[in-house]
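Participant: Below you will find the structure I want to go over with you.
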Amino acid sequence: MNTPVSQAQINKAVWNACDTFRGTVDASIYKDFVLTMLFVKYLSDVWQDHWEQYQSEHGDHPELIRELMKNERFVLPPAANFYDLYEHRHEPGNGERIDKALHAIEETNSQKLADVFQDISFNSNKLGDEKSKNEILKALLEDFHRPELNLRPSRIGRLDIIGNAYEFLIAQFAASSGKKAGEFYTPAEVSELIAELLSPEEGDEICDPACGSGSLLLKCANQIKNAFNGSKKFALHGQEAIGSTWALAKMNMFLHGVDNHRIEWGDTIRNPKLLDNKGRLQQFDVVAANPPFSLDKWGHDSAENDPHNRFRRGIPPKTKGDYAFIQHMVETLKPKTGRMGVVVPHGVLFRGSSEGKIRKQLIEEGLLDAVIGLPEKLFFGTGIPAAILVFRQDRQDDKVMFIDASREFQAGKNQNALSEDNIRKIVETYQARETVDKYAYLATVDEIRENDFNLNIPRYVDTFEEEEEIDLMAVRAERKELKAKLETLETEMDGYLKELGYGA
């Protein structure tokens, strides 16, 4: 009989499965092997679970069950089953066998999983010579065969547990991947904050043009599920430039049971792929992203002739692509319902030249709705503070909300975090649109114009704390009291020393 299992138990089990690689292969490399093996194990356990369920209902009739299994979310070819790979683990060629299994899964499920595994090879020299590689992969198969990594739905219940375990692993890898972490992961509480600020609704089309592993999109999906009784009436769209990260996003969507998604692989600025049937940029109700900060070589050379006219407000500097992503995102907002949240470095708020001109135009067009300053050290791979810009096509007034949330966070050794209370305060302040002393200010466009369209938050939110006035007479009295105590102690000490025969 299967016993219930908690999220923490599954998280611990998958993290322990990484022990095989620790000390022999760098985490930035073995991340993809572990996450892919978790995916294959999940497919195999679901397949096995459902097969046995049909067996109990219809008897042992393999042909009939095979027909019934064709209606599953996916089809698992026999030789691509984790348990088949496990049975042959002592034989040479583990890497080649696993690669063949991955290709068979892709081919059989081409509509949902085409090319997902094309960037990973378990037969790669990254895992050492043939003998070492075979031993590492044997150990990995044995780790995932442990009872605590039985991922059958009849044991773990909610599908979210697997998806959450996958996200847990990605977050753990991000914490140990240094600068590279920013390429694939936005901290969960930042994604949650953006999703709450944008309030996705049932029926919305949601896009992240720099989607990484897809976490931000899934947070938006959860907002709708939680607010609309588990509804799946939404569509997720994303684009990701790095092949292995795009694969993470595809698997992440699959493991969270989100089939209504379209995740494209490619460079969003140079080659946007989320287009409508007329080849125009597709437009969305919600657009959210944490694009790479101040990306060098973002595609400046081809911006002037952009076929989608995304840079009509100005071409960003050659070595800073922040406003390239911002302008792309603005152009993909639906005219009446579009709302957008983007994470940016603070330089975006005040840098001049072409960026100043673009910023001015966005403000004068009445698109900017809020500027929210975040605490430092929230993001993996960088300690610099960042801000969230909120743009809306459905604005209720023409003012801009400034929130300085930089001083309220949970401090960590290497990484700070936003607590639920921190997130709630930001969201409630944003929604109330009222000035809060030392925390938020609702500015008019005239005030921003007076500041030459500089959005640096301290210009609007005064967080200066006056120092308490010092009472000099009280300090003098305290000093006298301490001096008297010291003299008394000196006298006592002299007495003790005399008794012991020291000095006179």
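Participant: Between Glu87 and Arg449, what length in nm is gained on full extension when 0.36 nm per residue of separation is reduced by their alpha carbon distance?
Facilitator: In short, 123.3 nm is gained.
Participant: Please give the FRET efficiency for Lys126 paired with Gln7, using the beta carbon to beta carbon distance and R0 = 22 Å, rounded to the nearest 0.05.
Facilitator: Values: r = 31 Å, r/R0 = 1.40.
With a Förster radius of 22 Å, E is 0.10.
Participant: Determine how large the accessible area of Arg97 is when every protein chain is in place; take a 1.4 Å probe and give Å² rounded to the nearest 10.
Facilitator: Its accessible surface works out to 60 Å², give or take rounding.
Participant: Starting from the amide H of Glu264, placed 1.01 Å from N in the peptide plane, find each other amide H under 5 Å away whose residue is 5 or more places distant or on another chain.
Facilitator: Under 5 Å from the amide H of Glu264 lie the amide H atoms of Gly238, Gln239, Glu240, each far enough along the sequence or on another chain.
Participant: Would you mind getting me the FRET efficiency between Ile363 and Ser302? Use the beta-carbon distance for r and R0 = 35 Å, nearest 0.05.
Facilitator: The computed FRET efficiency comes out at 0.85.
Participant: Moving on to the next point. In terms of solvent-accessible area of protein heavy atoms at a 1.4 angstrom probe, what is the ranking of Thr319, Thr463, highest value first? Let's see the in-between values first.
Facilitator: Details: Thr319 75, Thr463 40 Å².
Putting Thr319, Thr463 in descending order of accessible area: Thr319, Thr463.
Participant: Hey, another quick one. Mind checking the per residue accessible area of the stretch 328-408 for me, 1.4 Å probe, whole number of Å²?
Facilitator: Result: 34 Å² of accessible area for each residue.
Participant: Pop out the carbon and sulfur fraction of the accessible area of the chain as a percent, whole number, probe 1.4 Å.
Facilitator: Whole-percent figure for carbon plus sulfur exposure: 48.
Participant: Cut-off under 28 Å on the C-alpha distance; same-chain residues fewer than 8 positions from Lys297 excluded. Which lysines are left, in chain and number order?
Facilitator: The reachable lysines, counting only those whose Cα sits under 28 Å from Lys297, are Lys31, Lys179, Lys180, Lys250, Lys273, Lys318, Lys320, Lys357, Lys360, Lys377.
Participant: Between the alpha-carbon centers of the stretch 326-353 and the stretch 65-107, tell me the distance in whole angstrom.
Facilitator: Comparing the Cα centres of the stretch 326-353 and the stretch 65-107, I get a distance of 44 Å.
Participant: Lysine pairs, Cα distance under 26 Å, 8 or more residues apart or cross-chain: how many in the stretch 46-136?
Facilitator: Here the count comes out as 6.
Participant: Which angle from 0 to 90°, rounded to the nearest 10, does the C-alpha axis of helix 7-16 make with the longest principal axis of the chain?
Facilitator: The two axes meet at around 80 degrees.
Participant: Just checking my list (1) 1.01; (2) 1.08; (3) 1.23 against Cα Rg over 2.2 N^0.38 Å computed from this structure; which label fits?
Facilitator: Derived directly from the coordinates: (3).
Participant: With a probe of 1.4 Å, find how much accessible area the stretch 1-113 has per residue, and write the answer as a whole number in Å².
Facilitator: Values: 5720 Å² over 113 residues.
Heavy-atom SASA per residue in the stretch 1-113 reads 51 Å².
Participant: Compute the distance from the alpha-carbon center of the stretch 415-430 to that of the stretch 10-51, in whole Å.
Facilitator: What the calculation gives is 33 Å, centre to centre.
Participant: Same structure, new question: Relative contact order of the stretch 34-152, please, whole-number percent, based on alpha carbon pairs below 8 angstrom and at least 6 residues apart.
Facilitator: Relative contact order comes out at 32 percent.
Participant: Helix-only estimate, please: 222 nm mean residue ellipticity of the chain, summing -39500 (n - 2.57) across DSSP H runs of length 4 or more and dividing by its residues, to the nearest 500.
Facilitator: So the calculated ellipticity at 222 nm is -13500 deg cm²/dmol.
Participant: How much of Ile315 can a 1.4 Å solvent probe reach, expressed as accessible area in Å² and rounded to 10?
Facilitator: Only protein atoms counted, so the area is about 50 Å².
Participant: Could I ask something else about it? Hey, what did the chain get for relative contact order, percent, Cα under 8 Å, at least 6 apart?
Facilitator: Result for the chain is 11 percent.
Participant: Beta carbons within 10 angstrom, averaged per residue: use that to sort the peptides 86-96, 246-256, highest first.
Facilitator: 246-256, 86-96
Participant: Here is a further query. Measure nothing but the geometry: give the 0 to 90° angle between the long axis through the Cα atoms of 94-108 and the longest principal axis through the Cα atoms of the chain, rounded to 10°.
Facilitator: 80
The values are calculated or read from the model by the stated rules, or taken from the named source; none is laboratory data. Just so it is clear, the structure is predicted and the values come from calculations on it, not from any experiment. So basically every Cβ, Gly included, is an ideal-geometry build from the backbone, and we count neighbours across all protein chains shown. Please note that ligands, DNA and RNA were not included when accessible areas were found on the heavy atoms of the full protein model with its side chains. Shrake-Rupley method; radii C 1.70, N 1.55, O 1.52, S 1.80 Å.
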